[in-house]
Amino acid sequence: MPGRRGVTLLEDLPDDIMDKILIRLPSKDVGRCRTVSASWRSATSTPAFVLEHRRRQPSFPIVDGQGRPASLVVVRDANVHEQLWPFLPGSEHRLQNSLRGACDGFLIVSRGNQLYICNPVIRTCALLPEPQRQYNTIAGFYCHHSTGEYRVLWVSQSHDSSTSSLYVLTVGSDKPRHIRVRMPTVSSPSAEQKLLNKLRFSSDCSPPVHHRGSLHWRHCGASGIMGGGGDIIVFDAEAESFRWMRGPTQPCHCRKLFDMEGTLALWGGSTTRSTSMDVWVMQDYEAEIWAFKYRIDLSTVEASRQLYSTSFVKKRIRSLDSTVRLLNDIAVLNKCELLIMFNKKHVLRCDVDGKFLGVVNIGKSHYCMLLTQHRLQESIVPIPGHGMMQEKPRSLRSPQGMSEWS
């Protein structure tokens with residue numbers, strides 16, 4: 001019904017129309033709507049709404065500026081970079097924050113010897129319990145789809161570093177549970193210890209890729225097919241069991257797994273000097289068949305970079321600090337663009353043909369930038385077991401008058 005002046009007001013719209021409008025808003029705008037109307041706050045706080053809202057959000061790569069001038073930054077497109085909320089109590093020195101895991105908008109961040117699970121969008125965090133052992137490594141962070149629980153997979157070493165064990169923590173509980181290593185090729189304690197050591201080492205090299213309800217690690221240091229029947233470790237999150245998977249059979253160096261728009265992908269250097277990147281995608285998951293996608297060649301990137309710098313010299317576009325010598329890592333920005341780390345401290349944008357599109361710059365005088373291989377999908381879902389209205393540390397509360405999550 002129209003208002004008194006003959007104009008249709010938002011509050012006059014039917015509830016189902018308002019729901020369709022609210023579900024399409026960016027996360028920060030949903031937060032602002034919650035401060036305007038009690039009915040909107042109620043409508044945007046239901047489990048169905050927050051889950052559907054998250055499902056609609058794209059995911060973006062996270063880069064680490066090593067605290068100079070910024071630490072964790074989400075790269076949304078060519079010109080939009082967003083510093084993640086400094087969500088840890090007393091974290092004035094952002095260099096102290098280290099990203100350990102990401103899943104469905106939740107991040108696991110370490111500071112000193114403590115671990116936190118955080119939602120940077122709604123600005124909440126909670127301390128994450130660890131196994132009571134000396135050395136703990138987060139091997140994976142995932143959603144257990146049949147229960148909806150979020151779980152952390154740990155590899156934990158004894159105090160004398162002689163043995164390793166596997167633990168799973170359900171977010172919201174206070175005690176990790178020990179699980180057995182179940183894998184067809186692991187039939188002895190020594191084989192179990194070898195697998196856990198490989199898993200711990202692989203997790204330190206690069207986080208696992210989530211695909212089809214399983215976690216996938218490329219075993220670091222494996223130059224070919226391993227004795228276990230593959231060079232990729234797979235953990236079935238539902239069955240809590242492991243298996244080996246074969247990667248592409250073509251020889252290459254420094255292979256790494258990554259997510260390519262929902263498809264399992266792998267890149268590898270065609271030479272030991274990392275002067276090019278060959279990219280494969282999983283064509284048939286059950287049959288473990290990979291297909292070659294494309295090659296990013298250093299000479300192509302460097303040639304188009306020089307052209308870019310020359311073309312824009314009048315606009316004073318700053319060129320790279322040095323010649324592109326090595327290609328180190330890769331992440332997908334969108335369907336047409338890639339982020340590539342080079343010379344071990346810079347990140348550039350290029351298209352899938354290797355054409356240089358620009359340099360990722362996260363602030364004045366940035367010194368070093370790393371691809372984390374983690375991605376952020378914005379979410380307004382509360383941390384499990386901690387509620388939507390979790391109290392923030394006093395130093396992190398918004399000033400009076402600021403809208404929610406601003």
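Summary of computed values
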| read-out | value |
| --- | --- |
| Number of positions in the stretch 141-165 that are closer than 18 Å to ASN113 by Cα, in a strand (DSSP E or B) and of a type outside the set (Phe, Trp, Tyr) | 5 |
| Answer residue from the stretch 262-275, given it is farther than 18 Å from GLY213 by Cβ and open to solvent by 30 Å² or more (accessible area, probe 1.4 Å) and is modelled with the highest pLDDT among those | THR275 |
| One residue from GLY213, GLY247, GLY148 being within 18 Å of CYS103 (Cα to Cα) and in contact (Cβ under 8 Å) with a residue 12 or more places away in the chain | GLY213 |
| Selection from the stretch 249-259 of residues that are at pLDDT 90 or above and open to solvent by less than 30 Å² (accessible area, probe 1.4 Å) | LEU257, PHE258 |
| Odd one out for SER309 among (1) in a helix (DSSP H, G or I); (2) of a type outside the set (Lys, Arg); (3) modelled with pLDDT of 75 or more | (3) |
| Any chance SER156 is polar (S, T, N, Q) and open to solvent by 60 Å² or more (accessible area, probe 1.4 Å) | no |
| Flag if ARG68 is surrounded by fewer than 20 Cβ atoms within 10 Å (Cβ to Cβ), modelled with pLDDT under 85, among the basic types (Lys, Arg) and touching a Leu at 6+ places or on another chain (Cβ under 7 Å) | no |
| The stretch 48-65, residues that are open to solvent by 10 Å² or more (accessible area, probe 1.4 Å) and under 30 Å from LYS344 (Cα atoms) | PRO58, SER59, PHE60, ASP64 |
| Matching residues in the stretch 352-396 - criterion: being part of a strand (DSSP E or B), open to solvent by 30 Å² or more (accessible area, probe 1.4 Å) and at pLDDT 85 or above | LEU357, LEU370, GLN373, ARG375, GLN377 |
| Residue identified as at pLDDT 85 or above and surrounded by fewer than 16 Cβ atoms within 10 Å (Cβ to Cβ) among ARG295, ARG316, ARG349, ARG325 | ARG295 |
| Residue identified as modelled with pLDDT of 80 or more, acidic (Asp, Glu) and open to solvent by less than 50 Å² (accessible area, probe 1.4 Å) among GLU302, GLU286, GLU337 | GLU337 |
| Count - residues of the stretch 30-69 that are among the small types (Gly, Ala, Ser) and part of a loop (DSSP other than H, G, I, E, B) | 4 |
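The values are calculated or read from the model by the stated rules, or taken from the named source; none is laboratory data. Just so we're clear, the structure is a prediction, and the values are computed from it rather than from any experiment. Please note: Cβ atoms are built from the backbone with ideal geometry, for glycine as well, and neighbour counts cover all protein chains shown. All accessible areas refer to the heavy atoms of the entire protein, side chains included, with ligands and DNA or RNA removed. Shrake-Rupley method; radii C 1.70, N 1.55, O 1.52, S 1.80 Å.
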